[in-house]
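Below you'll find the structure, written out as structure tokens, and then a few comments.
The values are calculated or read from the model by the stated rules, or taken from the named source; none is laboratory data. Computed from a prediction, not measured in an experiment: that's the story for all the values here. So basically every Cβ, Gly included, is an ideal-geometry build from the backbone, and we count neighbours across all protein chains shown. Side chains included, ligands, DNA and RNA excluded: accessible areas come from the protein's heavy atoms. Shrake-Rupley method; radii C 1.70, N 1.55, O 1.52, S 1.80 Å.
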Amino acid sequence: MGAVLPRAQVGCWRHWLALVVMCSVALAGCGIAKDPLSVAVGDAGSSAATAALALEQHAQGRLTRSTAETMIDDARREAATAAKQVTQLTVGDQQADIQQDAMDVLARAARHLQQAARDIGSDRAEELIDELRDDADALAELESRAAASR
Amino acid sequence: MSKIFGVALGILTAIGGFVDIGDLVTNAVVGSRFGLSLVWVVVVGVIGISLFAHMSGKVTALSGRATFDIIRERLGPRAALANLTGSMAMTLLTLMAEIGGVALALQLLSGVVPVAYVLPVALLLWLVLWRVKFSILENVAGLMGLLLVAFIVALFQLGPDWGELGRQVVQQTPDTGENGLTYAFYAVALFGAAMTPYEVFFFSSGAAEDHWTKQDLWLSRLNVLIGFPLGGLLSIAIAGCAAVVLLPAGIGVSSLSQVVAPVGVALGVAGLVVVLVGVLAATAGAAIETALSCAYSIAQFAGWPWGKRLRPSQAPQFHAVLLGVIVIGCLVMLSGIDPIMVTEFSVVFSAVALPLTYFPILVVANDPQYVGENTNGPLLNLVAMIYLVIVMVAALAAIPLMILTNMGA
């Protein structure tokens, strides 16, 4: 662009870009971005729902074992990351209860995800699907509470 | 008869080659979070890429030279270097994402961890690029990519509430608990995925490899104006499948396994295997295109001999760059970095680099020195100028939106 725009205009363009980026960072810091607790809890809920779908569809013969296993592995990894984020977040008083509840549900979901990886294709799968769906519902509710409480 | 076959083949490969890992992931993410409310972005993006790919093909067919070659001559080395830096960085990032995409598709087919596939995939990519003819590469990858039509079949098989999907398309605002900034971020990402810069440079250099002349202009028009929009339908079907299966289940896409799961739900194991082979072909084809695009762009900028038809001894720098970018892509993906994360960054930064790619093409397509009397008409220029404004807005908004939404979290 340097050859197209005069030198002074190029400098001006760069300053405006820097200003836009700085304003964005400031706005993000001021809380325009989504609430981090609700984001982390939402990610964990999505993971539990994914594992439930993988178990269900594999049980019905619609997913190959390798695909279902990969889905569950991906879900476990995402849930572990989300759990770490929830634990490490510093939240205000209005979110302390939600954070604690989320950690409890996440611990339960992590257990169910581990069992899902182990028991895929077994008789226990049906029971696990219900448990993972319950975890996903509980986490979805906590996500809404976290977003509303901010 | 052979002409009809040539046209059909060109259109089919344009459809099959349209979707890459960026389209697959971004459309599925958007479908799982916003339903079909961002379909308008795909439509805008497909019209844009068709428009500029057509201009790019026209320049090559009429001048016998690839667009990047002319950009350096027409705009000077400084502007061409800015163009090269922006588009190369994005194309290299996309190459990494495509290599990762191939590895992920193989994982879904076999259950073996993706990092184990990176080195063999890179080696095979290099061998194929070295030994296989350009036309075979182009046609095989494009035709196998057509297996992604399974997404369209799956969408119909799922028996969705078409009225609800139509409402999502018309409503065009998020109503799934997502905020407006995240919606805007994904609009920009989707636009970047649809208008990926490497596609036009590859289209232009590929036309030069195929020795297009003025007589091939109509073929270029048909490929672009029929093939690309039909390829765009695949993108919409990917988003549609995610909107029907994943959105109601509260699943936000963050992995390739989630992208293809709706096809399994709709069509069972056979459909899933078909779509996975399609994903494999689409990502492998795009890896070939991005690797070649890197080598094309650098060689054309530097004035080196270039082209797949030239042996390494005839174009040593071109082949060295080709090998170099594959090695870089391979090493980065061997580090264990998440290919989906690389893909997300690649589509966002593609949006940032869009003006660097598309503005010079418009300039060259209007220069009688290269296209003779076939310069753009006033209507085409008007639409292209509107697109340049859209592209500038997307480029300026991309990074602030990325920061504000924490990568669309």
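Structure above, values below:
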quantity: Filter pass, A:Asp137 being of a type in the set (Asp, Glu) and touching a Leu at 6+ places or on another chain (Cβ under 9 Å); calculated: no
quantity: Residues of the stretch B:296-318 classified as of a type in the set (A, V, I, L, M), without any contact (Cβ under 8 Å) to a residue 40 or more places away in the chain and in a helix (DSSP H, G or I), total; calculated: 2
quantity: Criterion (hydrophobic (A, V, I, L, M, F, W, C), open to solvent by 20 Å² or more (accessible area, probe 1.4 Å), part of a helix (DSSP H, G or I) and within 14 Å of another protein chain (Cβ to nearest Cβ)) met by exactly one of B:Met392, B:Met385; calculated: B:Met392
quantity: 3 or more residues buried (at least 22 other Cβ atoms within 10 Å of the Cβ) and modelled with pLDDT under 95: qualifying helices (runs of 4 or more DSSP H) within the stretch B:179-274; calculated: B:180-194, B:197-209, B:228-249
quantity: Residue match in the stretch B:300-310 (condition: more than 20 Å from the chain's Cα centre (by Cα), among the polar types (S, T, N, Q) and open to solvent by 50 Å² or more (accessible area, probe 1.4 Å)); calculated: no
quantity: Among residues of the stretch B:312-335, those that are open to solvent by 10 Å² or more (accessible area, probe 1.4 Å) and either at pLDDT below 90 or closer than 23 Å to B:Ala398 by Cβ (or both), counted; calculated: 1
quantity: Odd one out for B:Pro160, checked against (1) part of a loop (DSSP other than H, G, I, E, B); (2) within 25 Å of B:Ile340 (Cα to Cα); calculated: (2)
quantity: Selection count, the stretch A:65-88, where residues are of a type in the set (S, T, N, Q) and buried (at least 21 other Cβ atoms within 10 Å of the Cβ); calculated: 2
quantity: Single condition A:Ile120 does not satisfy, out of (1) open to solvent by 30 Å² or more (accessible area, probe 1.4 Å); (2) of a type in the set (A, V, I, L, M); (3) more than 14 Å from the chain's Cα centre (by Cα); calculated: (1)
quantity: Test: residue in the stretch B:17-34 that is open to solvent by less than 10 Å² (accessible area, probe 1.4 Å), closer than 28 Å to B:Leu382 by Cβ and of a type in the set (Ser, Thr, Tyr); calculated: no
quantity: Options A:Ala96, A:Ala102, A:Ala138; residue that is open to solvent by 30 Å² or more (accessible area, probe 1.4 Å), closer than 30 Å to A:Arg150 by Cα and in a helix (DSSP H, G or I); calculated: A:Ala96
quantity: Boolean, B:Arg221 is of a type outside the set (Val, Ile, Thr) and without any contact (Cβ under 8 Å) to a residue 60 or more places away in the chain; calculated: no
quantity: Filter result for A:Arg108 (open to solvent by 10 Å² or more (accessible area, probe 1.4 Å), basic (Lys, Arg), more than 11 Å from chain B (Cβ to nearest Cβ) and at negative phi); calculated: yes
quantity: Residue among B:Val321, B:Val348 that alone is within 14 Å of chain A (Cβ to nearest Cβ) and either under 30 Å from B:Lys133 (Cβ atoms) or part of a helix (DSSP H, G or I) (or both); calculated: B:Val348
quantity: Odd one out for A:Ala44, checked against (1) out of contact with any helix residue (DSSP H, G or I) (no Cβ under 9 Å at 6 or more places or on another chain); (2) small (Gly, Ala, Ser); (3) open to solvent by less than 30 Å² (accessible area, probe 1.4 Å); calculated: (1)
